[in-house]
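The values are calculated or read from the model by the stated rules, or taken from the named source; none is laboratory data. Fair warning: this is a prediction, and the values are worked out from it, not measured in the lab. All Cβ positions, even for glycine, are placed from backbone atoms using ideal geometry, and neighbour counts span all protein chains on display. For the accessible areas, the whole protein counts, side chains as well, though only heavy atoms, and no ligand, DNA or RNA atoms are used. Shrake-Rupley method; radii C 1.70, N 1.55, O 1.52, S 1.80 Å.
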Amino acid sequence: MKSPLLTLPGAVPAEGVDEGVAAHYGDLFREQRALAGGAGFVDLSHRGVVAVTGADRLSWLHLLLTQHVSELPPGEATEALILSAHGHIEHALYLVDDGTTVWAHVEPGTQEALIAYLESMKFFYQVEVTDRTADIAVVHLPAGSIAEVPDGVVVRETAYGRDLFLPRAELETYAEKTGPAAGLLAYEALRVEHHRPRLGFETDHRTIPHELGWIGSAVHLQKGCYRGQETVARVHNLGKPPRRLVFLHLDGSDVHLPPAGTELRLAEEGPDGRKIGFITTPVRHHELGPVALALVKRNVPTDAPLVAGETAAAQEVVVEP
């Protein structure tokens, strides 16, 4: 779904999964600095929006999600995962309940598969699941923003800012009042700075929550059964995940940023050494320079210098080995 805000001056369309909104509006670092200072907004209207209504919505979702939501207070934001039977991450949901409806935004293009799964699990519960992507647009206000929120708009407030579930018909009008607009590249740079994983970027077909630090924030360890719980409990109580998320400082003298998927090796073994991980999200940060999130094997020494292709990389621990 193509955002009308792509007509704003300087807008350069994003590519890949984020197609449909702006990557930037002409000045990546200015946009990052604005967001970091609590100004402006980010157009996330390409994300899927799912609404769940009905008297049983919270108790029903509690059975399916990794998060404890049976008593979720209205207005309190949370996030949750849906796992496969083997504990691999299939969906990531960013949730808030407004007292009558649970609203969730999800990765672009994943809402149909998510809704199909939820529909298959309704059974006798009093719930209705609706795809609201066509009429609701997600807009992000950064932490510290004093921008007004229109009456009646559902807000999901976190330490990183507020996600607004805004009627899509009001998107252009709201942008005029709330600017300046910041693109996805600025938003992603701050996400990487805060070590926040993203489905489809930091995950692949075999990722389990422990590898990304999602235990606690998206996975509650003291709740009842859900699909994939056995893997979560077994790894938490008896073992360690095979990989771990790291934050990388990349050599700033290189003109080119190593792309996602670039293989990581130990610097001492050189470019022909064994693969010990790969970059998941590389960004250029307005203060930190070129940085990235990456997945490495758990037993890689935390102080070991790495190379991403031919680019030197130093790691910061995100998930403890």
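Within the range 280-305, work out how many residues are within 14 Å of ARG243 (Cβ to Cβ) and either among the hydrophobic types (A, V, I, L, M, F, W, C) or touching a strand residue (DSSP E or B) at 6+ places or on another chain (Cβ under 8 Å) (or both). Working first, answer last.
At the first step, the residues of the range 280-305 found to be within 14 Å of ARG243 (Cβ to Cβ) are 280, 293-300, 302.
Narrowing the set further to residues that are either among the hydrophobic types (A, V, I, L, M, F, W, C) or touching a strand residue (DSSP E or B) at 6+ places or on another chain (Cβ under 8 Å) (or both) leaves 280, 293-298, 300, 302.
The qualifying residues number 9.
Being modelled with pLDDT of 95 or more, open to solvent by 60 Å² or more (accessible area, probe 1.4 Å) and not aromatic (Phe, Trp, Tyr) narrows it down to one of ALA181, ALA169, ALA218, ALA175, so name that one.
Working: ALA181 fails: open to solvent by 60 Å² or more (accessible area, probe 1.4 Å); ALA218 fails: open to solvent by 60 Å² or more (accessible area, probe 1.4 Å); ALA175 fails: open to solvent by 60 Å² or more (accessible area, probe 1.4 Å).
Just a single option satisfies the conditions, and that option is ALA169.
If you check SER70 against the conditions, is it outside any loop (DSSP other than H, G, I, E, B) and open to solvent by 30 Å² or more (accessible area, probe 1.4 Å)? Show your work before the answer.
On the way: outside any loop (DSSP other than H, G, I, E, B): no; open to solvent by 30 Å² or more (accessible area, probe 1.4 Å): yes.
Answer is no for this residue.
Is it true that some residue in the range 284-296 is closer than 22 Å to ASP204 by Cα, out of contact with any Phe, Trp or Tyr (no Cβ under 8 Å at 6 or more places or on another chain) and not β-branched (Val, Ile, Thr)?
Within the range 284-296 (the criterion being closer than 22 Å to ASP204 by Cα, out of contact with any Phe, Trp or Tyr (no Cβ under 8 Å at 6 or more places or on another chain) and not β-branched (Val, Ile, Thr)), the answer is no, since none of the residues qualifies.
Looking at this structure, is ALA189 touching a Leu at 6+ places or on another chain (Cβ under 7 Å) and either among the small types (Gly, Ala, Ser) or farther than 28 Å from ALA34 by Cα (or both)? Talk me through it step by step, then tell me what you get.
Details: touching a Leu at 6+ places or on another chain (Cβ under 7 Å): no; either among the small types (Gly, Ala, Ser) or farther than 28 Å from ALA34 by Cα (or both): yes.
So ALA189 fails the test.
Return yes when ILE146 is farther than 20 Å from HIS105 by Cβ and surrounded by 19 or more Cβ atoms within 10 Å (Cβ to Cβ) and no when it is not. Break it down stepwise before answering.
Details: farther than 20 Å from HIS105 by Cβ: yes; surrounded by 19 or more Cβ atoms within 10 Å (Cβ to Cβ): no.
Taking the combined requirement at face value, the residue does not satisfy it.
Do we find that GLY20 is touching a Lys or Arg at 6+ places or on another chain (Cβ under 8 Å) and farther than 14 Å from VAL106 by Cβ in this structure? It would help to see each step written out before you state the result.
On the way: touching a Lys or Arg at 6+ places or on another chain (Cβ under 8 Å): yes; farther than 14 Å from VAL106 by Cβ: yes.
Judged against the criteria, GLY20 is a match.
For ASN237, indicate whether it is out of contact with any Phe, Trp or Tyr (no Cβ under 6 Å at 6 or more places or on another chain), at pLDDT below 95 and either open to solvent by 60 Å² or more (accessible area, probe 1.4 Å) or assigned to a strand (DSSP E or B) (or both). Working first, answer last.
On the way: out of contact with any Phe, Trp or Tyr (no Cβ under 6 Å at 6 or more places or on another chain): yes; at pLDDT below 95: yes; either open to solvent by 60 Å² or more (accessible area, probe 1.4 Å) or assigned to a strand (DSSP E or B) (or both): yes.
Yes, satisfied.
Within the range 24-42, is there a residue that is assigned to a strand (DSSP E or B), open to solvent by 10 Å² or more (accessible area, probe 1.4 Å) and touching a residue at least 12 places away in the same chain (Cβ under 8 Å)?
We begin by selecting, within the range 24-42, every residue assigned to a strand (DSSP E or B); these are 24, 41-42.
In the following step, the residues that additionally are open to solvent by 10 Å² or more (accessible area, probe 1.4 Å) were identified as 24.
Keeping just the survivors that are touching a residue at least 12 places away in the same chain (Cβ under 8 Å) gives 24.
Yes, some residue in the range 24-42 is assigned to a strand (DSSP E or B), open to solvent by 10 Å² or more (accessible area, probe 1.4 Å) and touching a residue at least 12 places away in the same chain (Cβ under 8 Å).
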